[in-house]
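Reviewing the structure listed below.
Please treat every number below as a calculation from the coordinates, not as lab data. Quick caveat, the model's predicted, so the values are computed rather than measured. When we count neighbours, we look across all protein chains shown, and the Cβ atoms used for this are built from the backbone with ideal geometry, even at glycine.
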Amino acid sequence: MDFHKLCTFETFKQVWNQYGYGENLQDMIEQEFTRIKGITYLDHAATTLYPESLIRDYSQDISRNVYGNPHSHNPSSRLTHDTIERVRYRLLQHFNVTPEEYSVIFTSGCTAALKLVAESFPWMPQTEGEAGSHFCYLTDSHTSVVGIRGLTSGKGVVTLPVSPQDVENRAKDAAQGEDVICRTPHLFCYPAQSNFCGRKYPLSHVKGIQARHLYPACAHQGRWFVLLDAASHVSCSPLNLQDCPADFIPISFYKMFGFPTGLGALLVHNDAAGTLKKTYFGGGTAAAYLSGEDYYVHALNISDRFEDGTVSFLDIIAVNHGFEALYRITGGMHNIQQHTFGLARYTYMLLSSLCHGNGRPVAQIYTEGQFESPSTQGAILNFNLVDSHGQIIGYSQVDRMASLYNIHVRTGCFCNTGACQYFLGMTDLQMRRNLQAGHVCGDSMDLVDGQPTGSVRVSFGYMSTFEDCQKFLNFVAECFLEKPFTLDQDRLEKLKTVTAAPLYEDYPIKISNREKVDEKKKLAEASLRGFVHRDSSSHREAHTLTNMYIYPIKSCGAYEVHNWPVGPLGLLYDRGWMVVNGNGVCLSQKREQRLCLIHPKVHLPSDKLLLQTSGMDTISVPLEQNTPMNTSYQVCQSKVCGDRVETVDCGNEAASWLSDFLGQPCRLIRLSPDFTREMKKSPTGDATSTSLSLVNEAQYLMINRASVELIQKLMSSRQDDSEGDQILDTQNVISRFRANLVIAGVEPFEEDNWSHLVIGNTRFVITGQCGRCQMVGVDQDTGTRTKEPLISLSAYRAGKVTFGVYLTQQLPEGSTTQSVVLSAGSPIEPKQHGS
Ligand SMILES: *Cc1c(COP(=O)(O)O)cnc(C)c1O
């Protein structure tokens, strides 16, 4: 079944009636967003994309005008000052308020705006007999809001997290607090829209909290200020501050326009402005001060008072062009809201109706409502995919497969632990256990004991299209659905007519042909195993090292070796060098596939590293560079897989050779001889540390031919589904996995269960399995990309897509590496876990 046939634009129109902005959406995208051709960008909640006209108009503006520092008084400075003032008005107008009602303080972003409020809020400590300030926040808040706690705890301020359920339940029965004259300031923070699930919280709560009749918590005597975190809300929705006169509203501009970055604002209600206390004072904020005495009078104007130093004036000018372009293209926020909500609603309905062959739904969607209206739901959809047995598929795997399809989504927990815990049902204890298990925010440890640590988020922007939704749904169907998949038509029909939302519906599970499917799967698996068995039964128990490769330059071609010395970091000269771009950032095949066409060769007799590729003269650099005094070798800091490494530059000849070949400014650098990079986790568990070259993870990567053959077999059985990828020969597949050691094993993936092994007389510890990504799609002979073998591997390896294992060498006590040589053809002695 193909989605494009199943769900047409007709279906969309039954689901929502507004699409686009009057003229042809496709024409607009071709004019303004040429660069996203081929990409399905679904991460607008992280940042939306800027239109080309914004950049064009902005660049013309700043090329033609002379903008001086706004703190001077000359004509160019005046121009800047006046333009900035205009942008303030424009921003206020966008939220339907005037400078009499609100002020704008430019900051570096929403987080900086939140920090400004936290640091300037007049928190009153609790004293004997007198209650102090309260800091309340909705648990479905961004980390940057929860972090205000860092300033309130220990100050005698009462911190009260409030869950969204408390809001719903208590909003009804809370009575208005009596009016007593008490000026204790309290702060209540909540997001206008959850950045996790797109739920919109009622804007009417602003007035409710200010009037102290919403929650019992806010019945506390004093003055309640409301901070409405609008960062997520403003990207696709209008916000009318006349209806919800919050005291503080932080935003970031890149979420509205995609450009400029590093700029945000705090909108402050003028009635609340006086309560913010100035502590640190930076340039431009004082009316007067004495440098030798504690005398400081702050500027009267609240913007001047809180904009420490020179504001990012050129970026503020870009905001003007941001508004221009946004209104010109779409006609305004209302249209954007209608368009993006429709896409989210459509995607939600189809994704939630999509079922495996056995009738189980493919997605667990994290939402309170059912996408019934743009006033309660934004253009964000958060979910985890589930296999046909009901097991959650880790978000990292979904992320990797999505990259393969050029679909860009966000995964993890979205800087919103509160929502993540709530929706994934994680207790505080589990959160702590996950941390102990090694999971930290932002990593790829997506499952701990089968339970998800995060999820997948897709989000839409004003330039998203119906085709984007289709591509995404089609991807889910192709990669994660057990065929033949079904669509729960009843559910879909019901959703189309939904108005009010019951919470958490249970899906009825149809088990019509489930047994049949399982049977088929078992047969297929048995025949695959049979194939591998037959092939290798003749040399049962005979594990050998068949090939060895080094990759002298990270991400470039392999160099096959037969007898090779072992150095302190693994095979000698493996990943000793790397290529960086003009900004000093490491290049890899993820972005620059042509790297694999460069074939470095280590020539030990002449002490040279040769760089060769077809169509270019071969050049060389010395293998050892013991010349730190030579000033032409610059020491520079780089990053490899999150580690800081110290490197030295290999000179201009290599740099221009690489730049010529890759068509962009590049340089060749190598690990500085004085620098030791240590592996983060000691694999042996003892105190001895392991040193690494410029590799990503470990000293050695080993793969098993038996697993390669299994993957080949799986690929050919998928041939009918795939879109014409050629059948790949064994050597081609082996080269894609970029291993150092290739062994002839007996069973596919048996190495996953080994703990140690001995090759020749060198012992190795197995430190983990190698997680795979779209890099294995790069054909190492041609530099072209295919979806295989990742698709087949992923289909076979439910859960983590790993292939091959990492090894760390363990040299005998007191021995030096000099004498150790590894040889292809050596026998291998594996040791199972526990043996
Ligand atoms: C993005 C976001 C933030 C943080 O914004 P920064 O630009 O990273 O400072 C805070 N709150 C919400 C709701 C957000 O969506």
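Along the stretch 740-754 the Karplus relation, 6.51 cos²θ - 1.76 cosθ + 1.60 evaluated at θ = phi - 60°, assigns HN-Hα couplings of 8, 10, 10, 10, 8, x, 9, 10, x, 6, 4, 4, 4, 9, 8 Hz to successive residues, with x for each Gly and Pro. Which of the listed residues, LEU811, SER464, ILE727, is farthest toward the dipole's positive end in the chain, when Lys, Arg count +1 and Asp, Glu count -1 at the beta-carbon? Value computed over the given set: ILE727. Residue-wise HN-Hα couplings along the stretch 581-593, as the Karplus relation 6.51 cos²θ - 1.76 cosθ + 1.60 with θ = phi - 60° gives them from phi, are 7, x, 9, x, 9, 4, 8, 9, 5, 4, 9, 10, 5 Hz; Gly and Pro carry x. Taking other residues whose beta carbon is less than 11 angstrom from the beta carbon of CYS110, and scoring Lys, Arg as +1 and Asp, Glu as -1, yields +1. Between amide H atoms placed 1.01 Å from N, distances below 5 Å from THR107 occur with GLY264, ALA265, LEU266, all of them 5 or more places distant or on a separate chain. Remark: SER792, SER656 ranked as SER656, SER792, counting other beta-carbon atoms within 10 Å and listing the fewest first.
Using Cβ point charges alone (K and R +1, D and E -1), the dipole size of the stretch 1-158 about the Cα centre works out to roughly 320 debye.
Annotation for the stretch 235-337: chymotrypsin sites (Phe, Trp or Tyr not before Pro) lying in DSSP loop with at most 12 further Cβ atoms inside 10 Å of their Cβ are TYR280. When LYS200, LYS13 are sorted by how many other C-beta atoms sit within 10 angstrom of their C-beta, beginning with the fewest, the order is LYS13, LYS200. In this structure, the amide hydrogen of ILE619, modeled 1.01 Å from its nitrogen in the peptide plane, lies closer than 5 angstrom to those of LEU611, counting only residues at least 5 positions away or on a different chain. For the chain, the residue among SER823, THR48, CYS236 whose Cα projects farthest onto the positive side of the dipole built from Cβ charges is SER823. DSSP beta bridges fully contained in the chain are about 80 percent antiparallel.
Taking amide H atoms as placed 1.01 Å from N in the peptide plane, the amide H of VAL157 lies under 5 Å from those of GLN126, each 5 or more residues away in sequence or on another chain. Around the Cα centre of the stretch 315-392, unit charges on the Cβ atoms of Lys, Arg, Asp and Glu (plus for the first two, minus for the last two) sum to a dipole of about 180 debye. The charge dipole of the chain, taken about its Cα centre with unit charges on the Cβ of Lys, Arg, Asp and Glu (plus for the first two, minus for the last two), comes to roughly 500 debye. The helix-only estimate of mean residue ellipticity at 222 nm for the chain, built from DSSP H runs of length n ≥ 4 each weighted as -39500 (n - 2.57), is -9000 deg cm²/dmol after division by the residue total. Among MET333, MET578, the order by Cβ neighbours within 10 angstrom, fewest to most, reads MET333, MET578.
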